[in-house]
Each structure stands twice: as structure tokens, then as C-alpha cells.
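Scroll down for the structure; my scribbles are underneath it.
The values are calculated or read from the model by the stated rules, or taken from the named source; none is laboratory data. Since the model is a prediction, treat every value here as computed from it, not as a measurement. We place every Cβ from the backbone using ideal geometry, glycine too, and count neighbours over all the protein chains shown.
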Amino acid sequence: MAGTDLPLRVVLAKLGLDGHDRGIKVVARILRDAGMEVIYLGLRQTTDSIVAAAEQEDADAIGLSMHNAGHMTLGPNMVKALRDAELEIPVIIGGIVPDDDVQPLLDAGIAAVLGPGASAEEVAQTVRDAVSAAV
Amino acid sequence: MATTKLSRNASIDELYTAARGGNRRALGRLLTLVERGGRDAETIGELANPDAGAAHIVGITGAPGAGKSTLTGRLVVHLAGAGRRPAVLAVDPSSPLTGGAILGDRIRMSDTTEDLTVAPEVGDRTFIRSMATRGHSGGLALAVPLAVRLFDAMGYDPVIIETVGVGQVEVDVVAAADTAVVVMTPGMGDAVQANKAGLLEVADVFVVNKADRPGANDVRRDLDLMLDLSHLTGQDTTDGGDGYRPPIVMCSALEGTGEADVWAAVEAHLISLDERGQRLRRRHHRIRTEVRARMSQALANRIDEAMDSDVGRELVAHVTDGALSPTGASAKLLDALLGPQLEPGLDPRSEPRS
């Protein structure tokens with residue numbers, strides 16, 4: 001039957017009021033081409049709607065795209081919402097995050113932060129690493 | 001939301017019990033196991049079988065971009081608002097090259113299902129799951145009926161399967177539903193194109209979506225003409241020609257007009273199935289399709305094993321040498337695999353061999 005090497009399932013979303021979705025669409029394509037199944041939620045999601053989707057889709061990872069400087073609030077909120085729902089799913093933030101904010105985000109439970117310079121390979125590998133670290 | 005603590009390595013039994021108790025995370029995990037196939041999927045199927053059978057199974061199909069997901073989202077909100085517990089299985093294609101997939105049905109639905117998160121008590125009555133085709137149509141033919149049965153066993157009703165109407169398996173899956181909805185739109189070619197697509201024969205309800213756009217009435221007229229022809233030629237589209245004519249419902253899913261009419265037509269079809277005594281026949285057909293798909297898959301697996309066995313390799317080598325024909329080799333291998341013939345007196349209630 002099917003092998004054990006199943007495609008990772010990744011929920012991708014923009015959280016809150018942030019319309020810059022060019023990047024997340026590129027990431028969706030990168031992850032697809034890396035053999036993953038991307039559940040694409042698109043714009044204007046809430047922590048609740050992302051938790052609901054992650055639960056129903058049995059997601060292995062959640063990718064948030066942030067270009068509105070809301071990451072220091074929304075990132076930790078997302079982690080908290082997942083913990084409240086007892087979902088141990090790694091959250092990866094991509095987008096515009098100043099260097100100084102990276103460590104506080106990691107301390108708050110975000111699995112990884114990807115900046116604009118990340119290569120396709122790096123993006124896919126970061127997701128894979130975050131998933132294996134969480135298991 | 002259920003608050004039962006779920007351990008990471010919960011057994012299938014524990015997951016099933018938790019899911020029955022309303023734990024959505026557990027149901028999400030069971031669906032993953034169903035998708036993975038193999039023994040776990042079979043175990044889940046056995047658990048779900050006695051609890052299932054009540055749900056109205058609805059297939060929604062149509063060309064890419066016809067508005068299936070948007071319509072499905074509208075229907076889900078409409079149904080949940082009316083106190084129903086709808087579940088959706090949204091099937092999207094995987095890339096044949098990398099096996100990856102972008103499952104984008106939720107984004108279309110989220111445009112319309114925002115209400116579900118705004119009103120959590122409504123959101124808790126719905127469950128939407130995306131499924132990638134994962135390149136192997138055989139797997140889809142096995143995973144979809146199991147996932148539907150699982151939703152059914154959890155008390156979800158209706159269970160809506162949404163697929164792009166390309167590929168035989170996708171069409172079969174929709175055709176095996178109680179009610180098959182085919183979504184058409186203006187600007188996609190006339191009824192000749194639609195006839196070619198082979199989708200029309202399976203429709204129990206036609207929806208002309210984007211009815212606010214020019215040409216919508218032309219689509220309706222073309223469909224009407226096509227249905228007239230079906231009756232003329234005796235080539236009735238459904239249920240062996242006992243007079244059911246698929247209705248054509250106009251709607252604009254994006255605008256949010258007409259979804260109530262669509263659902264009314266779907267329900268009317270179910271009632272009509274009951275009245276004509278056809279519901280059981282549908283069910284029978286669905287089960288037959290599934291049993292056949294399971295046997296095909298099991299046989300295909302055994303054929304693969306046989307090909308890789310010493311005997312298989314040897315026979316293939318003989319063909320290469322010219323000592324044996326391909327027909328001869330396959331006959332020998334099949335005999336070794338299945339025995340010369342299936343005994344006619346096979347007792348259906350006896351335990352399977354091996």
C-alpha cells in the first residue's frame with residue numbers, strides 16, 4: 001500500500017489585516033514543488049479560523065506570512081491559540097521581521113522565522129526541520 | 001469544542017471514541033489515516049461501518065473555476081444555519097511530478113464561511129477536509145468512500161464530496177453519491193462541449209452558477225435542449241428512465257443568491273429517489289463500486305508482489321529469451337496467484353482465505 005513517506009500537510013495563511021500575498025503564493029508553490037500538500041487559506045484569517053483549519057486538515061505545520069509589523073502580537077497569539085486547542089503544530093513565520101524580533105519570537109514558541117532572502121530549498125527544509133523537531 | 005485530552009500516540013479505538021464524542025482533532029487524524037490507506041484505514045472502516053448509513057451523500061463537480069468551492073461554502077453556511085451538520089470532502093489534484101499539491105478549496109469557502117468562525121456554535125457543526133489525489137487514482141477510489149463513511153458515522157449529514165470533474169475516478173466518485181450536482185457556467189462553451197465532457201450523464205441536479213453574468217440563460221437553454229434530446233432518444237440521464245428530469249437551478253455563489261434553491265433541488269432529488277424506490281439502488285451501486293475498487297487494489301498489490309517474486313522474474317526472463325509469450329507468462333502467473341478458477345460454490349459468509 002502507500003509508503004510511510006507521506007507528503008507533509010502545511011496550512012498557509014495571512015493572519016489579520018495584511019494584503020501582501022505575493023510572497024505567500026510563492027511559498028505555496030515552493031512547498032508544492034517540494035512535494036508537500038499546501039492547504040491555502042489566503043488573506044484575512046484569524047487565529048480561530050487557522051486553528052479550525054489545522055485541526056480539520058490534520059496539519060503538520062502552519063506557515064504565517066506577515067508584512068504588516070504585527071508579528072510580535074499575532075505570532076505569539078497564534079502559538080497560544082494552538083496551545084489552548086491542544087494542538088502541537090509548529091508555526092513558521094515568513095515575511096518582513098526585523099532581526100531584533102527573531103529571538104523573542106522563537107522564545108515565544110514560534111518554530112522558525114524566514115526572511116526575504118530565503119532560498120526555495122531553505123524554505124522547504126525549514127518546514128521539514130520544524131516538523132521533525134515537533135514530533 | 002470538546003476538551004478531551006488526546007495523547008499523541010492514541011490508538012485508533014481511542015481516536016474513534018474521541019471523534020464520536022466530538023473531538024475534531026481526533027477526526028482530523030482519523031482522516032489522515034484513512035488517506036494513508038493500508039491496515040489502519042481498514043480498521044477505521046470496520047469501526048465506522050455499523051455507525052454509518054444515515055447521511056445524504058452529495059457529489060458536486062464541474063470544470064475548474066466553475067465555482068464549486070464557493071457554492072459548497074454557501075451551502076455549508078446555509079445548512080449549518082438551518083441546524084444541519086454538513087461535512088465537506090474537497091478533492092484537488094496532486095502534481096504528477098512532485099506529488100505536492102495546493103489545496104485551494106478552503107480559500108474559496110472561507111470567503112463565504114467567515115460566518116462560521118464568527119458564530120462558533122455554527123462552525124462546530126461543520127467539518128471541511130481537503131484531500132489531494134496523490135497521483136494514484138486507485139488510492140482516491142478507496143480513500144473517498146472511507147472518508148465519507150467516517151463523516152457519516154460521526155453524524156455529519158449531508159456529506160458533500162467536491163471534485164473537479166476531470167478523470168474517471170473523480171466522476172465515478174460523484175456518480176456514486178445519492179445526489180450528483182454538476183455546476184456549469186456561462187462562457188465555457190456550448191452544450192456540445194458539455195456533452196463531450198461526459199459529466200452530464202451523471203447529473204441529478206444542474207446548477208448554472210455565475211447566473212449574474214451574460215450568457216447564463218443560454219447555458220440553461222442548451223441544457224434544457226440536451227435534456228429534451230435525452231428523453232427523445234430514451235437515453236435517460238439517470239435511474240433507468242423512470243421519468244426523473246434533472247432540474248436546472250440558476251445561482252450566483254459569489255453574490256450569495258440561489259444557494260437555497262440549489263439545496264432545495266438537492267433535497268427534492270433525495271425525496272424523489274425515495275419515492276421511486278431508487279435510493280437503495282444508488283446505495284447498492286455505490287457499495288458495488290467500492291468493493292470492486294478494493295478488490296482491484298488488493299489484486300494490483302498482489303500482482304506487484306508476484307512480478308517481483310523469483311517466479312515472476314523467471315517468467316519475464318523466459319519471455320525475453322523468446323521461450324514464452326507475454327500472454328503465456330501472464331496466464332502462468334495468474335494461475336499461480338489465483339488458482340485456475342474461482343470456485344462457483346464459494347460461501348460468501350465464510351472467512352476469507354490466507
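Quick check on the range A:71-89: of everything there that is within 14 Å of chain B (Cβ to nearest Cβ) and at negative phi, which residue is nearest to the chain's Cα centre (by Cα)? It would help to see each step written out before you state the result.
Taking the range A:71-89 as the starting set, the residues that turn out to be within 14 Å of chain B (Cβ to nearest Cβ) are A:81-89.
Now restrict to residues that are at negative phi: A:81-85, A:87-89.
Working: A:81: 14, A:82: 12, A:83: 15, A:84: 18, A:85: 17, A:87: 14, A:88: 13, A:89: 9 Å.
Among residues in the range A:71-89 that are within 14 Å of chain B (Cβ to nearest Cβ) and at negative phi, the one nearest to the chain's Cα centre (by Cα) is A:89.
Which residues, taken from the range B:270-297, are among the acidic types (Asp, Glu) and touching a residue at least 24 places away in the same chain (Cβ under 8 Å)?
Taking the range B:270-297 first, the residues among the acidic types (Asp, Glu) are B:274-275, B:290.
Of everything in the range B:270-297, just one residue is among the acidic types (Asp, Glu) and touching a residue at least 24 places away in the same chain (Cβ under 8 Å), namely B:290.
Considering only the range B:255-270, I want to know if a residue exists there that is more than 18 Å from the chain's Cα centre (by Cα) and more than 29 Å from residue B:147 (Cα to Cα).
Yes - at least one qualifying residue is present in the range B:255-270.
For the range B:17-27, enumerate the residues that are more than 11 Å from chain A (Cβ to nearest Cβ) and outside any loop (DSSP other than H, G, I, E, B).
Residues of the range B:17-27 more than 11 Å from chain A (Cβ to nearest Cβ): B:17-22.
Correct list: B:17, B:18, B:19, B:20.
Would you point out the residue of the range A:46-70, among those that are at the interface with chain B (Cβ under 7 Å from one of its Cβ atoms) and not in a helix (DSSP H, G or I), that is nearest to residue A:127 (Cα to Cα)? Before you say what the answer is, go through the steps one by one.
We begin by selecting, within the range A:46-70, every residue at the interface with chain B (Cβ under 7 Å from one of its Cβ atoms); these are A:46, A:48-49, A:52-53, A:55-58.
Of the ones still in play, those that are also not in a helix (DSSP H, G or I) are A:46, A:58.
Working: A:46: 21, A:58: 15 Å.
Among those that are at the interface with chain B (Cβ under 7 Å from one of its Cβ atoms) and not in a helix (DSSP H, G or I), it is A:58.
Test each condition in (1) part of a loop (DSSP other than H, G, I, E, B); (2) touching a Gly at 6+ places or on another chain (Cβ under 9 Å); (3) loosely packed, with under 15 Cβ neighbours inside 10 Å for residue A:73 and report the one that comes out false.
(1)
Counting only residues that are under 13 Å from residue A:85 (Cβ atoms) and within 18 Å of the chain's Cα centre (by Cα), how many does the range B:20-37 have? Reasoning before the result, please.
The initial filter retains those residues of the range B:20-37 that are under 13 Å from residue A:85 (Cβ atoms), namely B:23-26, B:28.
Still in the running and within 18 Å of the chain's Cα centre (by Cα): B:28.
Adding up the residues that qualify gives 1.
When residues of the range A:26-45 are filtered for being within 9 Å of chain B (Cβ to nearest Cβ) and outside any strand (DSSP E or B), how many remain? Before the answer, list the steps.
Looking only at the range A:26-45, we keep the residues that are within 9 Å of chain B (Cβ to nearest Cβ), and these are A:28-29, A:31-45.
Subset that is outside any strand (DSSP E or B): A:28-29, A:31-36.
Looking only at that region, the number is 8.
For the structure I just gave you, tell me whether residue B:38 is on the phi > 0 side of the Ramachandran plot and without any contact (Cβ under 8 Å) to a residue 12 or more places away in the chain. Can you show your working first?
On the way: on the phi > 0 side of the Ramachandran plot: yes; without any contact (Cβ under 8 Å) to a residue 12 or more places away in the chain: yes.
In short, yes.
Identify, from the list B:46, B:14, B:35, the residue that is assigned to a helix (DSSP H, G or I) and within 14 Å of chain A (Cβ to nearest Cβ). Full working, then the answer.
Numbers: B:46 fails: within 14 Å of chain A (Cβ to nearest Cβ); B:14 fails: within 14 Å of chain A (Cβ to nearest Cβ).
Going through B:46, B:14, B:35 in turn, just one is assigned to a helix (DSSP H, G or I) and within 14 Å of chain A (Cβ to nearest Cβ): B:35.
Of the residues that make up the range B:97-110, is at least one away from chain A (no Cβ under 12 Å) and modelled with pLDDT of 75 or more?
As a first pass, look at the range B:97-110 and keep what is away from chain A (no Cβ under 12 Å): none.
Scanning the range B:97-110, I find no residue that is away from chain A (no Cβ under 12 Å) and modelled with pLDDT of 75 or more, so the answer is no.
I'm checking my understanding of the structure. Among residues of the range A:56-68 that are over 14 Å from residue A:113 (Cβ atoms) and out of contact with any Phe, Trp or Tyr (no Cβ under 9 Å at 6 or more places or on another chain), which one is surrounded by the fewest Cβ atoms within 10 Å (Cβ to Cβ)?
Narrowing the range A:56-68 to residues over 14 Å from residue A:113 (Cβ atoms): A:56-60, A:68.
This time we only want the ones that are out of contact with any Phe, Trp or Tyr (no Cβ under 9 Å at 6 or more places or on another chain), so: A:57-60, A:68.
Working: A:57: 23, A:58: 22, A:59: 26, A:60: 24, A:68: 16.
Going through the qualifying residues, I end up with A:68.
Determine whether the range B:60-79 contains at least one residue that is in contact with a helix residue (DSSP H, G or I) (Cβ under 7 Å, 6 or more places away or on another chain) and at pLDDT 95 or above.
No, the range B:60-79 contains no residue that is in contact with a helix residue (DSSP H, G or I) (Cβ under 7 Å, 6 or more places away or on another chain) and at pLDDT 95 or above.
Among the residues of the range A:15-23, are any modelled with pLDDT under 95 and crowded, with 20+ Cβ neighbours inside 10 Å?
Taking the range A:15-23 and keeping what is modelled with pLDDT under 95, we get A:15-23.
Still in the list and also crowded, with 20+ Cβ neighbours inside 10 Å: A:15, A:18.
Looking for residues that are modelled with pLDDT under 95 and crowded, with 20+ Cβ neighbours inside 10 Å, one finds at least one in the range A:15-23, hence yes.
Give the residues of the range A:44-60 that are among the polar types (S, T, N, Q) and in contact with a Leu (Cβ under 6 Å, 6 or more places away or on another chain), sorted by residue number. Walk me through it before giving the result.
In the first step, residues of the range A:44-60 are kept if they are among the polar types (S, T, N, Q); the result is A:45-47, A:49, A:56.
Selection gives A:45 alone.
Sort out which residues of the range B:49-96 are within 14 Å of another protein chain (Cβ to nearest Cβ), surrounded by fewer than 21 Cβ atoms within 10 Å (Cβ to Cβ) and over 15 Å from residue B:129 (Cβ atoms), and write them in order of number.
Matches in the range B:49-96: B:93, B:95, B:96.
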